[in-house]
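*Asks:* Handing you a structure now.
Throughout, read-outs are computed from the coordinates displayed, never taken from laboratory work. Small disclaimer: the values here were computed from a predicted structure and weren't measured. All Cβ positions, even for glycine, are placed from backbone atoms using ideal geometry, and neighbour counts span all protein chains on display.
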Amino acid sequence: MDRFIKLLTASKNCVFLSGAGISTLSGIPDFRGSNGIYRKFDADRIFDIDLFRCEPEYFYSHSKDFIYNIDAKEPNIIHHVLAKLERRGLIRSVITQNIDLLHQKAGSKNVIEVHGSPAVNTCLSCGKVFSYDHVARIVREGRVPVCDECRGLIKPNITFFGEMLDQKAIMKAVAESTLADLFVVIGSSLVVHPAASLPLYSVRNNGKLVIVNNMPTPLDEYAVLNYNDLGTFFGYIDSYFRDQK
């Protein structure tokens, strides 16, 4: 771990990319792990925009247990350490594939959500915006949320299959990745694009890549350091900087 600390403290532009694996310590299942969401639900259906428009009850009946309950979840050591590192000026930004809002809840400020967020929900007919709390209350009651003005279907601002990604978020993520002299992947299998290709923007500009994940990734060969235990990794970092006070 000392090798990573040396890289981190020497870095001028360190960027982290987080995936679903970091939130399992907060009680949120990942997607592709042994107990992942995709082993319980059909991903091609639950996040399909065409099916959502035709059969929104399928999405809402399943998502109430892993999206519309995130307000009850708390950040874990990973989220808290990242927020502390940002406050110390040791990391530039966190790019996340996650939609659980835990980075912000822990105090991170520069968070780029490449897959969107359920913090904002929008009527697909008139564009009226609704809060997470408003929609979550309806979903927990077993109902499909509809607009109180036009009765149109409400959808969370999460990117579904068949939708364009938020181009502003992607462009910002690419810019941050390109500037990164140290790019750290945590809890991501690096199989979902375009997020999976972000580390290469750093590598191609002579940035150093570090991967912390409990399964192999397609970019392991490019990494200067690989670790497989997120809890141990962040526990060490937390302890190191606590001793530096």
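*Asks:* Any chance you could check the Cα centroid distance between the stretch 209-245 and the stretch 51-101 for me, in angstrom?
*Replies:* Here the two parts' Cα centres lie 20 Å apart.
*Asks:* Which value, in debye to the nearest 20, describes the size of the charge dipole of the chain about its Cα centre when Lys and Arg Cβ atoms bear +1, Asp and Glu Cβ atoms bear -1, and nothing else is charged?
*Replies:* 700 debye
*Asks:* List the lysines whose alpha-carbon lies under 29 Å from that of residue 168, not counting same-chain residues fewer than 8 positions away?
*Replies:* Answer for residue 168, where 29 Å is the Cα cut-off: 12, 64, 73, 84, 105, 109, 128, 155, 208, listed by chain and number.
*Asks:* Also: With θ set to phi - 60° and the Karplus curve 6.51 cos²θ - 1.76 cosθ + 1.60, what are the ³J(HN,Hα) couplings of the stretch 54-65 in order, to the nearest whole Hz, using x for Gly and Pro?
*Replies:* 7, 9, x, 5, 5, 5, 5, 5, 8, 6, 5, 9
*Asks:* How large is the convex hull of the Cα atoms of the chain per residue, expressed in Å³ as a whole number?
*Replies:* Here the figure is 120 Å³ per residue.
*Asks:* Output ³J(HN,Hα) for the stretch 116-122: one whole-Hz value per residue in order, computed from phi by the Karplus curve 6.51 cos²θ - 1.76 cosθ + 1.60 with θ = phi - 60°, and x for Gly and Pro.
*Replies:* x, 7, x, 4, 10, 10, 10
*Asks:* Going toward the positive end of the dipole of the stretch 155-245, with +1 on Lys and Arg Cβ and -1 on Asp and Glu Cβ, which of 200, 189, 236 do you reach last?
*Replies:* Ranked along the dipole, the leading option is 200.
*Asks:* Turning to a different aspect of this structure: Find the Cα radius of gyration of the stretch 121-245, compare it with 2.2 N^0.38 Å by division, and give the number to two decimals.
*Replies:* After normalising by residue count via 2.2 N^0.38 Å, the value is 1.45.
*Asks:* Still on this structure: Quick query: amide H of residue 93 versus all other amide H atoms, modeled in the peptide plane; which residues come in under 5 Å with a sequence gap of 5 or more or a different chain?
*Replies:* For residue 93, the qualifying residues are 16.
*Asks:* Using just the helices of the chain, give the 222 nm mean residue ellipticity in deg cm²/dmol: DSSP H runs with n ≥ 4 each add -39,500 (n - 2.57), and the total is spread over all residues, rounded to 500.
*Replies:* Helices in the chain give a 222 nm mean residue ellipticity of -9500 deg cm²/dmol.
*Asks:* May I ask you to list the aspartates and glutamates whose Cα is less than 15 Å away from that of residue 172, ignoring any residue fewer than eight positions away on the same chain?
*Replies:* Reachable aspartates and glutamates: 113.
*Asks:* Additional query: Could you give each residue of the stretch 205-218 its phi-based ³J(HN,Hα) in whole Hz, using Karplus coefficients 6.51, -1.76, 1.60 with θ = phi - 60°, and x for Gly or Pro?
*Replies:* Taking θ as phi minus 60°, the curve returns 10, 6, x, 9, 9, 10, 10, 10, 7, 7, 9, x, 10, x Hz for the stretch 205-218.
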